[in-house]
Structure formats: structure tokens, C-alpha cells
Amino acid sequence: MRATKETSQLLSRLTQQAAFDSLRKTKTRWVSKGFALQVVERTNSSEPYGFCVIASKKTAKSAVVRNRMRRRLKAVALDILPHHAKSGFDFMFVARKDAETLDAEILRRDLKWCLKKLDLLKD
């Protein structure tokens, strides 16, 4: 299953500082090997999902590596969230050191596992 233009339009990128702040303050979080997933319920938006990907210098010193982590996690989010996550939530992916080297299929499986643990997996 790969992200298509239709599924990509269901997801909106979080760009406002207020959205980041609300996600940072939330306690709804689950950690996997490649990333940590934080979730907050959407208040007022037309799109069913919103997401952002964060990779800090603490995770990887090289900008090239951080960008690769972001691209990989973004691809996983675009692939999994529209099909498997309940709508009406914002998701923040915080990259961990293994996000660069883990297989993409493992990252997809971990995202589904995180959604299940947070009770956000569609039936």
C-alpha cells in the first residue's frame, strides 16, 4: 500500500506554532523503536488528520541524516494514517536514532502498533 494523491490530500501538515505547542503539552504518547508518536484531538479543521515530523540535532548531528529520517517518517505517515487511523486527530512523529536504519516495513508495523496501543486504530 502506497500513498496516493487522494490519500495525501486527507492529511494536512501542521505549520502553526499553536498546533506544535498543543502536541508538546499532551500526555498521549507512545514510543516505538524508530519514533515516538504524540496525539491530540483536532478542534477545528476541515481535514480529518494533521501531522508533523520532528528530528532534532540530539537525534542526529548531520542535517542530511535528519532530513532522511523526516522523509522516511513522512512516507510512513502518508501511507498508514489515512487507511488505519481514526479521524479527527493531530499526530506528531518525533524521530529516534533508529529511524534512519530501520526497514520501512518495520516502521509501518510500529506505527500500526502505536495506533493500536493509543486506541486510535480503525476497526
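Readers should treat all values here as calculations from the given coordinates under stated rules, not as data from a laboratory. Keep in mind it's a predicted model, so treat the numbers as computed, not measured. Cβ coordinates were reconstructed from backbone atoms using ideal geometry, including for glycine residues, and neighbour counts include every protein chain displayed.
Couplings 3J(HN,Hα) of the stretch 88-94, computed from phi: x, 9, 9, 10, 10, 9, 10 Hz, in residue order, whole Hz [Karplus 6.51 cos²θ - 1.76 cosθ + 1.60, θ = phi - 60°; x for Gly and Pro].
Ordering LYS57, LYS117 by the number of other Cβ atoms within 10 Å of each residue's own Cβ, fewest first, gives LYS57, LYS117. Using R0 = 22 Å, the C-beta based FRET efficiency linking LYS122 and SER56 works out to 0.10.
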